[in-house]
Amino acid sequence: MELPIVLVTGKNGQLGSELQQLALQYTNQYHFVFTDKSELDITNPDAIRDFFEQHNPQFCINCAAYTAVDKAETQQQQAYAVNAEAVNRLAKACSANNSVFISFSTDYVFDGTANQPYAPNHITNPINYYGYSKYMGEQLALSNCEKTIIIRTSWVYSSYGHNFVKTMLRLMNERKEINVVNDQYGCPTYAADLAKAVVDILQLLKTNSIQPFPNGIYHYANAGVISWFQFAQAIQQLTQLPCKVNHITSSAYPTVAKRPAFSVLNTEKIMQVFGLQPQQWQQSLQHCLTVLKVIPG
């Protein structure tokens, strides 16, 4: 019996890298095809068509994204090409191929004015272009492929790639003290946990154990609510690096793109539909720091 083929784009990003590691445990259940831009340029319609004709994937997991939040304000065309137009093309290819399409979005589709965690059906109102481009990707995917699952996530970090945790570790090793904003609240997401959640969803979809098909928008993040300052503080405490972490306001650290002040994601829907149970952020952070070998295993 042939194994289901799973196309994964953006293989070298945080989530793509974690999925590559995890896929090693599932070689007898799936045939994963991991691609980067050189192997599959998702901004090229012909490349997508040819790839689907050649490989005939039953699942497409789109981990490719334009994630430079501040640069997106001036590089709008590039952000839209990857986060919206390419997602649209992949969704159409999946629809034509009767494939399942799983793509990822962001807490930045919200404006941050809520006073309780955002549910997937909460009204969107992005306050920066990155958030807008991801929102458009969501809408285009859902309208062009019936078997679409969008997973919004937040504050993603990993032992791979560039992220807040690795930036903090570098700065804490270089400086005696650092300043981190304490008035933006959200949920960190360990990309390894998100990768495992995605494979758990694949397992359920492969067996058709959820009927009708559970298309739509879901939220996934580790459990808990913290500020960036509290996140940095936890990193310092776990690593015992001799660096003082000071809290500042967002106004003292202006950025090109506005950030939502509160972008906590309500994960109840993904828990109920797929039976997932996100870990507490503290446990996941500790695991990541252990993988990075900055605290004892």
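As an exercise, use a Förster radius of 25 Å and the Cβ-Cβ distance of I5 and S143 to find the FRET efficiency, rounded to the nearest 0.05. Show your work: numbers first, answer last.
Numbers: r = 25 Å, r/R0 = 1.00.
The calculated FRET efficiency here is 0.50.
Send over the per residue convex hull volume for the chain, Cα only, as a whole number of Å³. Intermediate results must be reported in sequence, preceding the final value.
Numbers: hull volume 38.2 nm³, N = 297.
In the chain, the Cα hull volume divided by residue count equals 129 Å³.
Go ahead and run the numbers for FRET between N28 and D200, Cβ-Cβ distance against an R0 of 22 Å, rounding to 0.05.
0.85
Given the pairs K147/K196; K92/K269; K37/K206; K206/K269; K71/K244; K37/K196, which are separated by over 22 angstrom at their Cα positions?
In this structure, K92/K269; K37/K206; K71/K244; K37/K196 lie more than 22 Å apart at Cα.
From the square roots a ≥ b ≥ c of the eigenvalues of the alpha-carbon gyration tensor of the range 94-166, which class results: rounded (a/c under 1.5), prolate (a/b over b/c), or oblate?
Taking the square roots of the gyration eigenvalues as a ≥ b ≥ c, the range 94-166 is oblate.
If I build a Gaussian network model for the chain, linking alpha-carbon pairs within less than 10 angstrom, which residue out of C63, C243, C145 has the largest mean-square fluctuation?
Among C63, C243, C145, the largest mean-square fluctuation in the Gaussian network model of the chain belongs to C243.
Tilt of helix 228-239 relative to the longest C-alpha principal axis of the chain, in degrees (0 to 90, nearest 10)?
In the chain, helix 228-239 runs at an angle near 80 degrees to the longest axis.
Taking a virtual spin label 7 Å from the Cα of N98 along the C-beta vector, which residues in the range 127-166 bring their backbone nitrogen under 18 Å of it?
Taking a point 7 Å out along Cα→Cβ of N98, the residues of the range 127-166 whose backbone N falls under 18 Å are 145-148.
Once both labels are modelled 7 Å past Cα along the beta-carbon direction, what's the D70-Q240 spacing in nm?
About 3.4 nm, to one decimal.
I need the shape label for the range 17-57. Rule: rounded when a/c is under 1.5, else prolate if a/b > b/c, else oblate, with a, b, c from the alpha carbon gyration tensor.
Taking the square roots of the gyration eigenvalues as a ≥ b ≥ c, the range 17-57 is oblate.
List the relative contact order of the range 83-170 as a percent without decimals, with contacts defined as Cα pairs under 8 Å and 6+ residues apart.
Relative contact order comes out at 40 percent.
Distance from the Cα centre of the range 79-134 to that of the range 12-78, in angstrom?
Cα centres, the range 79-134 to the range 12-78: 16 Å.
By counting other Cβ atoms within 10 Å of each Cβ, how are L15, L241, L289 ranked from fewest to most?
Values: L15 28, L241 16, L289 20.
The most exposed by this proxy come first: L241, L289, L15.
May I ask you to list the lysines whose Cα is less than 20 Å away from that of K293, ignoring any residue fewer than eight positions away on the same chain?
Counting by Cα, and skipping residues close in sequence, K293 has these lysines nearby: K166.
Connecting C-alpha atoms closer than 10 Å in a GNM of the chain, tell me which of A257, A86, A64 has the biggest fluctuation.
Highest fluctuation among the options: A257.
How would you rank 16-27, 148-159, highest first, on the average number of other Cβ atoms within 10 Å across their residues?
Numbers: 16-27: 17.0, 148-159: 23.7.
Per-residue Cβ counts within 10 Å, averaged per peptide and sorted highest first, yield 148-159, 16-27.
Cβ under 13 Å from H55's Cβ, H55 left aside: what net charge do those residues give with Lys, Arg +1 and Asp, Glu -1?
Computed value for this residue: -3.
Rounded to the nearest 500, what is the 222 nm mean residue ellipticity of the chain from helices alone, with -39500 (n - 2.57) per DSSP H run of 4+ residues and division by all residues?
-11500 deg cm²/dmol
Under 10 Å, Cα contacts only: if you run a Gaussian network model on the chain, which one of T43, T35, T74 comes out with the highest mean-square fluctuation?
T74
Let me check against my output: what whole-number percent is the relative contact order of the chain, with C-alpha pairs under 8 Å and at least 6 apart?
20 percent
Let a ≥ b ≥ c be the square roots of the eigenvalues of the Cα gyration tensor of the range 48-200; is it rounded (a/c under 1.5), or, if not, prolate (a/b larger than b/c) or oblate?
prolate
Considering the dipole of the range 80-177 built from charges on the beta carbon (Lys and Arg +1, Asp and Glu -1) around the Cα centre, which of T106, Y160, A119 is farthest to its positive end?
So the residue furthest toward the plus end is Y160.
Could you tell me which chymotrypsin sites (Phe, Trp or Tyr not before Pro) in the range 178-248 are loop residues by DSSP with no more than 15 other beta carbons within 10 angstrom of their beta carbon?
Loop-located and lightly packed - none at all.
Laboratory data are not the source of any read-out in this text; all were calculated from the coordinates shown. Remember, it's a predicted structure, so these values are computed and weren't measured experimentally. Every residue, glycine among them, receives a Cβ derived from its backbone with ideal geometry; neighbour counts consider all protein chains shown.
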